[in-house]
1. Using 0.36 nm times the number of residues separating residue 115 and residue 76, minus their current alpha carbon distance, what extension gain do you get?
2. Report the gain in length on full extension from residue 151 to residue 123: 0.36 nm times residue separation, minus Cα-Cα distance, nm rounded to one decimal.
3. Any idea how far apart residue 32 and residue 96 come out in nm if each label point goes 7 Å out from Cα toward Cβ?
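What follows is calculated from the coordinates using simple rules that are stated; it is not laboratory data. Small disclaimer: the values here were computed from a predicted structure and weren't measured. As a convention, Cβ positions derive from the backbone with ideal geometry for all residues, glycine included, and neighbour counts pool all protein chains shown.
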């Protein structure tokens, strides 16, 4: 591990204890939603299913200017703080806010799990592209493989 990465890791671990308490009480939010069809009905979930359509969502960031004042909840304040932190240490880390969030989320995983997450990061887009281009004959196999990869990604906490 490089010196810069060790410093970054130490810095992340020094972020206020509120983060630790919040992390213990709530699961990490997922910005990936899967659209699944089950029994002829459409179901949206953060858990993958076979044949799921991946939908990336960006949650709202509070109510602004409705009452003449900007109102932002703690979760949004926390997210904005993280983004500012990521931007402040970008010259050291070389990571943008999204990359920083991924690094922060995976920092507590074992080295093997982190390595598998990186492998899945590379593999998932390839299989998703394969799914879009698959013929009807091979679609089921590709969707099953994609489901297994997405399920493993979620199990690891990537």
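1. Gain in length upon complete extension: 11.0 nm.
2. 8.8 nm
3. Here the answer is 1.8 nm between the modelled labels.
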